[in-house]
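Notes follow the structure.
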Amino acid sequence: MPTASTIALFLLAAMALAVVPGPAVAYIVTQSIDQGRRAGLVSALGVASGGLVHVAAATVGLSALIASSATAFTVVKLVGAAYLIVVGIRRILAGDPEETEPRALRAPLRRIYRQGVIVNVLNPKTALFFLAFLPQFVDPQRGAVWPQVAALGVIFVSVAVVSDMTYALVSDAIAGRIRRTGTGAKVRRWLTGGVFVALGVTAAVARRST
């Protein structure tokens, strides 16, 4: 296992990286603004679950396969991009009843959680992040590599989910008044849909590290 000093250094680096807004944070913030605190927190848990999938993949070497194979990378990238873009377009075009009834039907939390998982699982940059970042803190002389990768990966996901939940809570607090207006509902619909489309475009143009 990594030394205590290595874990402490990794923890500091993970905190610095986690607080920087990225695609996952954008998704969580828009869900929190659009549907409230519970949706934001559930989406953060979904993103964290997707992160754990990447930890498992990195542990067994699948991330290395995706990074080294142009075909595998392209398939993951395009599937993820297509899903996000379709969700975004459907959100923008939907005749949202919230525009006239602010407390109308909300998306099921199961769906929000599932989308959070997919947003992170189908993001090839996340796999490449684990591949490029974690090895810097792995020491083969400390024993088997896979337990070190797994431990560091879980630490990073734990730090990230705390940061993501903080974003969700803060976003909900700021958007409290906007969420109750018809105009706010329309803005939220375009904002959330636009974020999904932007995430999809970002995934589609992602390139492999060389």
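Could we say that THR183 is among the β-branched types (Val, Ile, Thr), at pLDDT below 85 and surrounded by 19 or more Cβ atoms within 10 Å (Cβ to Cβ) here? For THR183, the condition - among the β-branched types (Val, Ile, Thr), at pLDDT below 85 and surrounded by 19 or more Cβ atoms within 10 Å (Cβ to Cβ) - is not met.
Out of ALA168, ALA203, ALA127, ALA175, which single residue is within 24 Å of GLY46 (Cα to Cα), at pLDDT 85 or above, surrounded by 19 or more Cβ atoms within 10 Å (Cβ to Cβ) and not aromatic (Phe, Trp, Tyr)? The conditions single out ALA168.
On the basis of being among the aromatic types (Phe, Trp, Tyr), farther than 14 Å from ALA26 by Cβ, modelled with pLDDT of 75 or more and in contact with a Pro (Cβ under 8 Å, 6 or more places away or on another chain), does PHE137 make the cut? So PHE137 fits the description; yes. Quick one: in the range 1-23, which of the residues that are part of a helix (DSSP H, G or I) and β-branched (Val, Ile, Thr) is modelled with the lowest pLDDT? Filtering the range 1-23 for residues that are part of a helix (DSSP H, G or I) and β-branched (Val, Ile, Thr), the one modelled with the lowest pLDDT comes out as THR6.
Looking at the range 88-106, which of the residues that are modelled with pLDDT of 75 or more and of a type in the set (A, V, I, L, M) is farthest from the chain's Cα centre (by Cα)? Across the range 88-106, the extreme among qualifying residues is LEU93. Taking the listed residues SER63, SER32, SER69, the one that is more than 18 Å from GLY200 (Cα to Cα), crowded, with 21+ Cβ neighbours inside 10 Å and at pLDDT below 75 is SER63, with no other qualifying. The condition of being at pLDDT 85 or above, out of contact with any Lys or Arg (no Cβ under 7 Å at 6 or more places or on another chain) and buried (at least 16 other Cβ atoms within 10 Å of the Cβ) holds for only one of ALA44, ALA26, ALA56, that being ALA44.
The values are calculated or read from the model by the stated rules, or taken from the named source; none is laboratory data. Small disclaimer: the values here were computed from a predicted structure and weren't measured. Note that we place each Cβ from the backbone using ideal geometry, even for glycine, and neighbour counts take in every protein chain shown.
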